[in-house]
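See structure below.
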Amino acid sequence: MSPNQNPEQIARDAIDAQRSSAGWGVHAKDATNFHADQGQAVCEYSTDTGPADYVLFVDGKPVGVIEAKKETLGHNITTVEEQSADYAAAKLRYIQQTGIPLPFLYEAAGVLTRFTDQRDSKPLSREVFTFHRPEMRLKNS
């Protein structure tokens, strides 16, 4: 951690470490190699509504998004669920999509992570202790 980092950068460092320990490769949007890892988190991926903090890909297919916030927002992280849902429904640049929103939504602040599976009949976010591993894909992902 650099002493010149802002609070969101500090949170992203923690999120990157958590995601990496769950088996997700971390890639910059201009250095993405979909064959490098089974699961990849691409930083600042372009969508038609602006850049998503992270878009998750498994075997080169988009499956979810992570909205990253500074640690001090951890206790209010549910306030950004709509933002995550907007990115999940947005058109991703550079790839073909089915038009179906991405199913897996995360909101993370480095100290707290919430998860929603939009395929549930009544999707609700819940706190999780770690990011799901890429090989834990559920049916239809």
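The values are calculated or read from the model by the stated rules, or taken from the named source; none is laboratory data. Since the model is a prediction, treat every value here as computed from it, not as a measurement. FYI the Cβ positions are ideal-geometry reconstructions off the backbone, even for glycines, and counts take in every protein chain you see.
Summary table below
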| quantity | calculated |
| --- | --- |
| Filter pass, residue 41 being crowded, with 16+ Cβ neighbours inside 10 Å, in contact (Cβ under 8 Å) with a residue 24 or more places away in the chain and under 15 Å from residue 132 (Cα atoms) | yes |
| Spans of strands (runs of 3 or more DSSP E) in region 1-69 with at least 3 residues at pLDDT 95 or above and of a type outside the set (A, V, I, L, M, F, W, C) | none |
| Top-ranked residue in region 64-85 [being closer than 19 Å to residue 7 by Cα and acidic (Asp, Glu); ranked as surrounded by the most Cβ atoms within 10 Å (Cβ to Cβ)] | 67 |
| Residues satisfying the stated conditions in region 86-102, i.e. closer than 15 Å to residue 54 by Cβ and surrounded by 16 or more Cβ atoms within 10 Å (Cβ to Cβ) | 86, 87, 88, 90, 92, 102 |
